[in-house]
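Enquirer: Next up is a structure, given as structure tokens.
Values quoted throughout were computed directly from the atomic coordinates according to the rules given, and no laboratory measurement underlies them. Predicted model, so just to flag it, every value in this text is computed and none were measured. All Cβ positions, even for glycine, are placed from backbone atoms using ideal geometry, and neighbour counts span all protein chains on display.
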Ligand SMILES: [Zn+2]
């Protein structure tokens with residue numbers, strides 16, 4: 001099904017008028033790149049036995065369990081490409097000279113790979129790993145073989161346990177990205193919510209930081225509690241809606 005033209009035109013008008021756009025993204029934009037939603041019925045958590053895999057205490061006690069379970073996820077992320085939704089956000093910035101402040105709950109770095117310049121990864125990312133002993137920070141590119149094989153990764157300096165820089169349960173969110181996310185909400189003249197049903201806090205409360213007078217647009221496969229607050233609601237593919245809107249430019 002294609003997006004309704006009138007709605008798409010209105011969406012395009014919002015995009016044209018706003019010079020500063022805050023975009024809050026979740027799993028729904030990554031599933032269009034073939035990365036399963038962690039929380040959906042056929043998502044990773046189910047495949048992985050449970051969310052225990054992201055428990056920081058269990059990780060420290062049994063890192064082998066984490067690394068062996070995460071290996072297929074890692075391969076999916078490594079093989080995924082940014083899709084039309086990611087590319088449209090980068091295009092708004094590069095071609096149409098908008099300030100696009102992306103705030104993402106995703107850990108796959110696809111926004112950065114698509115070329116978006118301002119990305120706050122509020123749940124961290126897989127791009128880097130930190131040693132739990134000496135805090136040495138290393139690029140995960142150096143450990144691709146070990147990650148794919150599901151081996152425990154150790155610090156090249158001290159031999160301590162390496163942990164991917166994604167937020168585990170029992171850990172605080174990385175402060176700098178979250179502060180950037182709040183600033184994005186304050187400064188926005190348009191809010192886009194893409195592929196998240198806004199149930200995971202504190203991301204879910206971020207839209208409250210926005211000026212209530214600006215337009216809110218949500219694109220998500222299913223209904224959310226936030227739909228009623230939005231000026232435009234699309235229950236469709238993010239890639240399709242974003243591409244259709246940019247065609248009106
Ligand atoms: Zn170390």
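Enquirer: How do the peptides 239-248, 20-29 rank, highest first, by the average count of neighbouring beta carbon atoms within 10 Å per residue?
Expert: Most protected by this proxy first, the peptides run 20-29, 239-248.
Enquirer: I've got another one for you. Short version: what are the Cα gyration tensor semi-axes of segment 84-208, square root of 5 times each eigenvalue, largest first, in whole Å?
Expert: 30, 17, 12
Enquirer: Right, here's the next one. Calculate for the chain the 222 nm mean residue ellipticity that helices alone would give, adding -39,500 (n - 2.57) per DSSP H run of length 4 or more and normalising by residue count, nearest 500 deg cm²/dmol.
Expert: Details: 10 runs with 90 residues, N = 249.
After summing the helix terms and dividing by residue count, I get -10000 deg cm²/dmol.
Enquirer: Can you tell me, using C-alpha contacts under 8 Å and at least 6 residues apart, the relative contact order of segment 182-221 as a whole percent?
Expert: 58 percent
Enquirer: Of the beta bridges DSSP finds with both residues in the chain, what % are antiparallel, to the nearest 5?
Expert: 25 percent
Enquirer: If you wrap a convex hull around the Cα atoms of the chain, how much volume per residue is inside, in Å³?
Expert: Taking only Cα atoms, the chain has a hull volume of 121 Å³ per residue.
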